[in-house]
Amino acid sequence: QVQLVESGGGLVQAGDSLRLSCAASGHPFDTYSMGWFRQAPGKEREFVAAISWSDVSTYYSDSVKGRFTISRDTIKKTMYLQMNSLKPEDTATYYCAIARDAWDWRPTEYAYWGQGTRVTVSS
């Protein structure tokens, strides 16, 4: 049984930092690309960042590039999202996911999802 559990969300002020974690179990961790997505109230789920299993390349949306960093620890089977210089528009529920194949920006290309962790950034 595949399980992804996110943690690390919270309420912060603009300019602060947070680190999200995604603990995986029941699935080969280092042979599948993984990603972070977010969804704000009333909006569609959007791509944030992804990490490729093959060469550990990383990919980011333009809105977070230079502020967020995705990484993973294959021994701990945990993926991270370091978020710096947070802005109010980063407020959303953040989800981690395992890709069906190669990394992709489309949520439909991810097979397994966590329950999400809420991030709120106040101005």
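The values are calculated or read from the model by the stated rules, or taken from the named source; none is laboratory data. Bear in mind that the values here come from a model prediction, so they are computed numbers and not experimental data. Reconstructed Cβ throughout: ideal geometry from the backbone, glycine too, with neighbour counts over all protein chains shown. To get the accessible areas, we keep the full protein, side chains included, count just its heavy atoms, and leave off ligands, DNA and RNA. Shrake-Rupley method; radii C 1.70, N 1.55, O 1.52, S 1.80 Å.
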Does ALA97 meet the test of being among the small types (Gly, Ala, Ser), crowded, with 21+ Cβ neighbours inside 10 Å and not in a loop (DSSP other than H, G, I, E, B)? yes
Can you confirm whether the stretch 102-115 contains a residue that is at pLDDT 95 or above, closer than 21 Å to GLN3 by Cα and of a type in the set (Asp, Glu)? yes
Counting residues that are open to solvent by less than 70 Å² (accessible area, probe 1.4 Å) and free of Cβ contacts under 8 Å to residues at least 12 places away in the same chain, which strands (runs of 3 or more DSSP E) fully inside the stretch 1-93 reach at least 1? 68-73
